[in-house]
Amino acid sequence: MESLKPAARPARPAHLAPAATTPDPRRWAALALLCGAFFMVLLDGTITLVALPKLGADLHFSPQGLQWVLSAYALTFGGLLLAGGRAADLLGRRRVFMTGITLFTAASLLCGLAWTPAALLAARVLQGAGAAIMTPTALSIISTTFTEGAERNKALGIWGALGGVGATTAWLIGGPLTDGPGWRWIFFINVPVGLAALALSRPLLRESRAALTTARRSFDPAGALTSTGALVLLVYAVVTAPQAGWASVRTIGLLAGSVLLFAAFAVIESRHHAPLVPLRIFRNRTLATADAMTVLIGTVAVGLPFVLTLFAQQVLGYSALRFGISSVVLAAGATAGAITGQAAVLKAGFRPVALTGLALMGAGSLLLTQVSTDGGYFPVIFTGLLLCGLGIGLAFVTATVAALAGVAEHDAGLASGLSNTALQIGTALGVAIATTVATSRAQAYRSAHHLADPLAGLTAGYRAAFLACAVLAAIGLATALLLPGRPRVAP
């Protein structure tokens, strides 16, 4: 009878286990490493804000070209995130994470050594590619290292808190570096951090990959190209619309091209045997709503500070250092909001926490529409930044937890990639929308007031951009109503 027993299935090697079956004793140290990497990625997304005037003058950027220092990074980051998450699931999460760190660190060194605008933008594209590989992989490792429920929410709350700090304290770090050793050091500081993260990855992170069939172990280059191309055309259309005109052939053509590429992406994904984004995942209403909300959070979280740094330096005459110090209230608010949010989600549910966060973001944006050429830091800028910071922290953590709630282990990389893609789409669109609104309103003001103070025209444009941020927050508020009440609790 022994010969009739089925042969024992060989054990899967531990380093390829799809997820930890018992709590990993190194999981909190691993979380610190992953959050540090995320901090570095988000820092580089916005640290260039305070350095733009000096960077642009040193490398002789045109005013329109200067914006692409931010957009080149955000678009590459957002466009390749899904491919990065897919690669992590297929090739091994630790291996892909280390590859991303290596590319990001090398690109940061090239950014600091850039000698022309083209050299800097090319290095920023590489840096965005490294971030796109590293970020969804890190979030995927967290979701497979911590079991769903209170412990994973706590880990994601820490992730969200450090993410908020990374995105907002960029000014605080960038100001002293720009006014001190120079703008190149906002990139050079990544090099020792990246090397340390690379050295700690192998001893702290457990290798894992999704348990997929051989037929599904393939990439989707057509999906990656069409999605990235669609995003580039969309943002480029918004950026150039003030100069070309919204009704111009070029703007309409770019927008139409973006729509066609998005449509092609949907067709490709519906027919590919191993799509980059299986459309079935959007049947998860919580994930779809959270990602849509993340886009809107990103537009305000980056669009608003982009406008504020220009207002503070061009109108109020702040130095990069002074603006960095004055913006610490936003970092503090975002951190407090994120820490509070991860606990509040378990008690109150997704919807009320998200609504509170987006309402605070909208209120802070509206308050900043009251800035003036002769105004000071108190009370308008201080209170506006505090409200926005608290709102960003609450909303971002809620959206991150909701985007991963109830997602199967083999879709962890995809879900985290979608969440981060949504954030980067929001980042690129936020800068583009804020710039377009500010430029258009300033031009209209100058045309109507020929003898007006030039600073008054700039201020009118920046006020309009803050109002646009408030409108985007209101749209996010309406989107948050679609979230479920309480998150599903894992058994």
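Every read-out reported here was derived from the displayed coordinates using simple, explicitly stated rules and does not represent laboratory data. Worth saying up front: this structure is predicted, and the values here are computed from it rather than measured. With ideal geometry, Cβ positions are generated from the backbone for all residues, glycine too; neighbour counts draw on all protein chains shown.
A convex hull fitted to the Cα coordinates of the chain yields 144 cubic angstrom per residue.
Qualifying chymotrypsin sites (Phe, Trp or Tyr not before Pro) in the stretch 235-282, where qualification requires a DSSP coil assignment and no more than 16 other C-beta atoms within 10 Å, comprise 246. Positive-end ranking of 183, 200, 245 along the dipole of the chain, with charges on Cβ about the Cα centre, is headed by 200. What is the distance in Å between the Cα centres of the stretch 104-159 and the stretch 341-371? Measuring centre to centre over Cα atoms gives 26 Å. In the stretch 18-95, taking the dipole from charged Cβ atoms about the Cα centre, the farthest positive-side position among 75, 23, 41 is held by 23. Taken one residue at a time, the phi angles of the stretch 237-243 give Karplus couplings (6.51, -1.76, 1.60, θ = phi - 60°) of 5, 5, 5, 8, 4, x, 7 Hz. Gly and Pro are set to x. The reciprocal of the average 1/r between distinct C-alpha atoms defines the Kirkwood hydrodynamic radius, which for the stretch 54-157 equals 14.8 Å.
Between residue 456 and residue 260, the simple label model (points 7 Å from Cα in the Cβ direction) yields a spacing of 4.7 nm. Here, the stretch 265-340 is characterised by an Rg to Rh ratio of 1.23, where Rg is the alpha-carbon radius of gyration and Rh the Kirkwood radius.
Evaluated with a Cβ-only charge set (Lys, Arg +1; Asp, Glu -1), the chain carries a dipole of roughly 1040 debye about its Cα centre, given to the nearest 20. Taken along the Cα-to-beta-carbon direction at a fixed 7 Å, the label points for residue 373 and residue 272 span 5.3 nm.
Between the stretch 37-63 and the stretch 241-294, the alpha-carbon centres lie 28 Å apart. Rounded if a/c is under 1.5, else prolate if a/b is larger than b/c, else oblate: which is the stretch 220-275, with a ≥ b ≥ c the root eigenvalues of its Cα gyration tensor? Here the stretch 220-275 falls in the prolate category.
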